[in-house]
Amino acid sequence: MQQIKGFFRKKTFVFPIILFILVILTNFALQYTNLGPEKFEKRFMFLLDNNIRGFLPLILLAIAQAIVLINGSIDLSIGNLMGLVAAFLVTQYALDDSIARFLQVFIVAIGIGVLAGAFNGIFVSLVRIPPFITTYATSFVFSGIAMWILPRPGGNMPEVITTFYRTTLPLGLPMGIWIILSTMLLWLVFRNTRFGAHMYAVGGNEKASFASGVSVIRHRMLVHMIAGLIAAFAALALVLVTGSSDPRIGGTMTLDSVVAVVLGGTPMIGGIGGVVGPIFGVMTLGFVRNIVGFANVDTWVQPLVDALIILVALASPSFIRLILKQVRS
Amino acid sequence: MQNLTSRDIVKHFAGVTALSSGCLTVNSGEVVALMGANGSGKSTLCKIITGVVAPDEGQLLLNNTPISFSTPVEALKSGIAAVYQELSLVPSLTISQNIWLTREPMNGIFIKYRSLNQRTQELVDLFADTVRPSFTPETLVNELPPDEQQIVEILKAVSTNPRIMILDEATSSLDSRQVDRLFSLIGEWKRQDKAIIFISHRMSEVFRIADRIFVLRNGRTVGDFEAKKVKERDLISLMVEDAKEHLVKADATVTRQFNETVLKVTNLHTSRLQGIDFDVKKGELLGIAGLQGQGQSDVLHSVFGSIKFSGKIEIDGIENKFRHTSQAMAKDIALVPGDRAKEGLLMRLSVLENIMLPSWMKYGFPLKTGKAKNDAVITANSLKIVMADLNAPVSSLSGGNAQKVVIGKWLQRKPRILLLNDPTKGVDVGTKNEFYDLLKELCKAGTSILFYSSDDEELVGLCDRVLVMRDGKIQKELPRTELTLSSLITASVTSGEEFTHAAD
């Protein structure tokens with residue numbers, strides 16, 4: 001029993017994966033007949049392919065958010081930062097829409113992401129303004145700039161790139177899946193480095209880490225920069241699907257990213273968790289919304305229903321713990 | 001040959017002098033013990049040596065060259081490692097991650113977890129058989145009991161292979177087998193020519209291990225002895241200051257008689273307490289003494305129902321199982337908490353609101369605010385709270401006056417049992433004296449008071465009886481007739497067996 005408990009405490013992603021499997025199977029069953037008359041696996045793949053591409057921006061944002069939360073900070077500007085980078089990405093191809101031009105633009109976009117992350121990091125770690133306040137404030141800075149670059153929904157992306165992203169299936173699996181798998185692999189590498197290990201230390205007890213010689217300020221600064229970098233990739237994932245952008249698109253995704261991280265078993269207290277759980281957290285969130293969409297629920301009630309389901313999912317680990325405690329005493 | 005000397009170190013914290021002349025010398029192959037009563041500056045001196053705090057004046061010499069550290073890491077680089085009193089571990093990391101934090105063995109960019117755990121295992125083996133089998137390199141620190149967390153802390157200092165090692169109250173949460181193991185390790189370190197500074201309140205431990213003993217009193221080094229040539233009794237009398245004027249007027253040389261038992265506690269256990277029995281009579285002022293953190297707060301919080309406990313707490317002969325503080329309040333019990341800013345006051349709200357907070361239900365629905373205000377004025381005047389007016393925020397008051405507000409808010413409820421958790425900490429002398437008069441009055445009026453204080457003098461001056469606590473147990477009960485400052489400190493710093501020996 002003790003061992004089982006220890007396992008669940010250390011592997012925070014196990015519960016989210018179980019939840020995810022449950023949700024995706026429900027969705028598959030509900031949508032089965034809509035997925036075309038083909039074979040079983042093909043239908044399943046179709047469902048995955050269709051959805052994962054849509055989920056990918058939020059998945060990347062949730063990864064960024066998870067890293068920041070593990071480090072004991074929070075980033076409430078991450079959605080708007082993605083919106084800003086997306087606005088930049090779709091407004092650069094007036095004359096030249098070659099692949100070379102795209103690569104140039106994307107490198108600049110990454111620079112914007114990292115710079116914006118550093119901007120957050122300076123206030124959070126150096127000036128020591130609480131991250132909740134800092135990043136809430138900078139979120140308006142980012143959305144303001146986004147609206148200045150792209151005043152109304154629109155813009156465009158090079159056709160070649162978007163088509164490539166939508167239609168390529170390396171080894172028969174959609175691009176989205178490959179991207180998720182490679183981020184998981186990257187995470188595995190990252191968390192076994194000294195930087196990755198210290199991320200947990202700083203989030204777990206800032207003072208003790210400092211006393212042991214971890215340069216907390218530099219560390220937290222870098223973590224916010226990494227979050228900005230990932231947000232730039234999220235922006236790319238977004239505009240590759242839509243081919244255009246909306247300056248307001250990021251706003252709601254910030255809180256979604258926090259919800260997905262918590263749903264993925266990484267708590268907001270810092271020092272524990274990982275990013276694999278949050279990845280499944282996002283997909284669970286997405287499929288729940290799909291299910292509600294397909295369940296013939298009135299459009300107006302949909303947000304209410306999916307919010308309630310998410311609330312139950314979020315609360316269930318604590319509920320189970322409470323019940324177990326009552327049973328034992 | 002290593003040699004560390006501190007000369008006349010001075011340190012003030014927000015106007016309070018923690019150290020006025022901290023002197024200490026330690027040579028390699030030597031164990032130096034640092035002794036002193038509560039608040040005598042032992043920990044501050046250690047923190048200065050290890051660079052946790054910077055001294056205001058004075059000199060620190062390492063091998064006769066002046067040094068100053070601005071961070072603990074710098075001290076570590078010079079070979080000075082410390083095991084602190086407050087734990088400095090990251091609870092969500094494993095034992096091995098904690099011990100080697102920032103010094104992980106690397107393979108390129110990756111941490112070599114296997115050799116990390118191997119190295120940790122070697123350290124863990126130092127304490128083999130004195131820890132539970134679950135104490136392995138990969139156990140999370142937050143799953144460990146306090147004694148094993150303390151051992152991790154010790155191992156962390158050992159892992160740096162220091163030349164000078166400071167153990168600040170490192171034995172306070174260890175059991176006897178673990179202490180024995182630590183002492184045999186200290187013996188080994190001595191042979192390896194390490195220098196050790198050992199701080200403990202336990203007289204027996206100091207005499208077992210120390211070669212030299214330094215005594216601190218009120219931030220000043222007042223004695224430097226060879227351990228073999230000094231007697232326990234002399235050390236204690238040196239730790240107790242005789243010259244200091246007695247603020248408390250000890251008019252209670254007469255032993256008062258009490259009949260009616262109001263509160264009776266039997267076999268009280270919490271995570272800190274290991275079986276406490278006592279009773280409080282009507283109108284009695286019962287003191288709780290002992291070194292800091294021996295479980296005194298737990299006693300008060302158990303009676304008030306704010307922490308979980310097992311055992312029996314009877315009020316007027318009826319057993320009570322409080323699960324919430326409101327139940328204790330309904331029985332006219334009040335607790336004046338230790339940390340007034342955190343637990344006692346709403347700093348930004350007015351004096352009026354703070355005084356009225358626990359009593360609003362008395363004023364019915366709809367609220368009789370006028371009557372409430374009048375009552376608050378009466379309380380404030382009787383306590384002589386110095387303030388602009390009742391609507392001034394508590395944060396604008398001085399420490400002493402803020403503490404009066406905390407007391408006032410509970411007096412407003414006219415408690416029969418008053419629990420005081422170190423109420424005079426950081427309070428000025430004038431207010432203290434007013435407060436002592438108030439306690440005497442309350443007792444005369446029949447209020448039973450349970451009074452924990454870290455200031456031994458006020459306990460001696462005020463109480464009808466004092467319970468001296470140690471390691472979650474009552475070490476000694478001192479009735480009025482036996483209550484003196486030296487008997488109290490003797491009981492605090494010596495264990496049971498020694499006590500008889502030291503007092504003869």
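Across the protein assembly as shown the C-alpha pair distances fall into 10 Å bins from zero in the proportions 2, 11, 17, 19, 19, 15, 10, 5, 2, 0, 0 percent. Cα-based radius of gyration for segment A:47-115, normalised by 2.2 N^0.38 Å, reads 1.32. Between helix B:146-159 and chain B there is an angle of about 30 degrees, using the helix long axis and the longest principal axis of the Cα atoms.
What FRET efficiency comes out for the pair B:Lys331/A:Met268, r = Cβ-Cβ distance, R0 = 45 Å, nearest 0.05? Could you put the intermediate results ahead of the total?
On the way: r = 39 Å, r/R0 = 0.86.
Rounded to the nearest 0.05, the efficiency is 0.70.
Across segment A:277-329, Cα-Cα pairs more than 17 Å apart make up 48 percent of the total. Distance from the alpha carbon centroid of segment B:276-308 to that of segment A:200-248 works out to 48 angstrom.
Hey, got the average number of other protein chain Cβ atoms within 10 angstrom for residues in A:189-201? Each step should come with its number before you reach the end.
Working: counts 2, 1, 1, 6, 6, 8, 1, 3, 9, 6, 0, 4, 8.
Counting Cβ atoms of other protein chains within 10 Å of each residue's Cβ and averaging gives 4.
A Cα-only calculation for segment B:138-247 places Rg and Dmax at 16.3, 54 Å.
Ellipticity at 222 nm from helices only: DSSP H runs of n ≥ 4 in chain B, each -39500 (n - 2.57), divided by the residue count, give -9500 deg cm²/dmol.
Please state, rounded to one decimal and in Å, the Kirkwood hydrodynamic radius that segment A:144-300 gives when every pair of distinct Cα atoms enters the mean of 1/r. Intermediate values should be presented prior to the final figure.
Details: mean 1/r = 0.0543 Å⁻¹.
Across segment A:144-300, the inverse of the average 1/r is 18.4 Å.
Convex hull volume per residue, computed on the Cα atoms of segment B:1-99, equals 129 Å³. Equivalent-ellipsoid semi-axes for segment B:351-504 (Cα gyration tensor, √(5λ), whole Å, largest first): 37, 16, 13. As a length-normalised measure over Cα pairs under 8 Å and 6 or more apart, the relative contact order of segment B:381-461 settles at 32 percent. Residues whose amide H comes within less than 5 Å of that of B:Arg220, counting only those at least five positions distant or on another chain, are B:Ser20, B:Ser21 (H built at 1.01 Å from N in the peptide plane). Considered as an equivalent ellipsoid built on the Cα gyration tensor, segment B:111-197 has semi-axes of 21, 17, 11 Å, the largest given first. Taking each of B:Lys331/B:Lys476; B:Lys414/B:Lys444; B:Lys11/B:Lys342 in turn, the alpha-carbon distance tops 21 angstrom for B:Lys331/B:Lys476; B:Lys11/B:Lys342. Bridging of B:Lys112 to lysines at a Cα separation below 21 Å is possible for A:Lys10, A:Lys11, B:Lys156, once same-chain residues fewer than 8 apart are set aside. Relative intensity of chain B on a log10 scale, I(q)/I(0) at q = 0.07, 0.12, 0.14 Å⁻¹, equals -0.44, -1.18, -1.41, per a Debye sum over C-alpha point scatterers of equal strength in the absence of solvent.
Calculate for chain A the 222 nm mean residue ellipticity that helices alone would give, adding -39,500 (n - 2.57) per DSSP H run of length 4 or more and normalising by residue count, nearest 500 deg cm²/dmol. List each step's numbers first, then the result.
On the way: 14 runs with 241 residues, N = 329.
After summing the helix terms and dividing by residue count, I get -24500 deg cm²/dmol.
Please compute the contact order of segment A:73-215 in relative form: average sequence separation of alpha-carbon pairs under 8 Å and at least six residues apart, divided by the residue count, as a percent. Intermediate results must be reported in sequence, preceding the final value.
Values: 97 pairs, mean separation 45.8, N = 143.
So the answer I get is 32 percent.
Shape analysis of segment B:373-455 yields a ratio of the Cα radius of gyration to the Kirkwood radius, Rg/Rh, of 0.94.
In terms of its Cα atoms, segment B:183-242 spans 41, 20, 18 Å along the principal axes, sorted from long to short.
Can you pull the percent of Cα pairs in segment A:237-329 with separation above 24 Å? Numbers along the way, then the final one.
Details: 1525 of 4278 pairs.
More than 24 Å apart: 36 percent of the Cα pairs in segment A:237-329.
What whole-number distance in Å separates the alpha-carbon centres of segment A:271-311 and segment B:418-467? About 58 Å separates the Cα centre of segment A:271-311 from the one of segment B:418-467. The convex hull drawn around the Cα atoms of segment A:84-208, when projected onto a plane and averaged over every direction, covers 10.6 nm². Evaluated on chain A, the Kirkwood hydrodynamic radius is 20.8 Å, with distances taken between all distinct Cα atoms.
A Gaussian network model of chain A, with springs between Cα atoms under 10 Å, assigns the largest mean-square fluctuation among A:Ile180, A:Ile107, A:Ile52 to A:Ile107. When restricted to Cα atoms, segment A:37-87 yields an Rg and a Dmax of 15.9, 49 Å, respectively.
Summary of the geometry: segment A:36-91 and segment B:73-127, compared by the centres of their Cα atoms, lie 38 Å apart.
What are the DSSP H helices in chain A that stretch 30 Å or more along their long axis, judged by alpha-carbon atoms, and whose average Kyte-Doolittle hydropathy comes to at least 1.0? Don't skip to the end; give the middle numbers.
Working: long enough: A:40-70 (39 Å, 1.27); A:99-121 (33 Å, 1.77); A:216-242 (39 Å, 1.86); A:302-328 (39 Å, 1.24).
Membrane-span-like by this criterion, though nothing is claimed about a membrane: A:40-70, A:99-121, A:216-242, A:302-328.
Averaged over the residues of B:107-118, the number of partner chain Cβ atoms lying within 10 Å of the residue Cβ comes to 2.
Taking Cα pairs under 8 Å and at least six residues apart, what relative contact order does chain B come out at, in percent? Taking the mean separation of contacting Cα pairs over the length of chain B, I get 16 percent. Put simply, the amide H of B:Asp193, placed in the peptide plane, has neighbours under 5 Å in B:Gly29, leaving out anything fewer than 5 places away on its chain. Rounded to the nearest angstrom and listed largest first, the equivalent-ellipsoid semi-axes of segment B:59-134 from its Cα gyration tensor are 28, 18, 12.
Read-outs throughout are calculated quantities, based only on the coordinates presented, and are distinct from any laboratory measurement. Note that this is a predicted model, so its numbers are computed, not measured. Every residue, glycine as well, gets a Cβ built from its backbone with ideal geometry; the counts of neighbours run over all protein chains shown.
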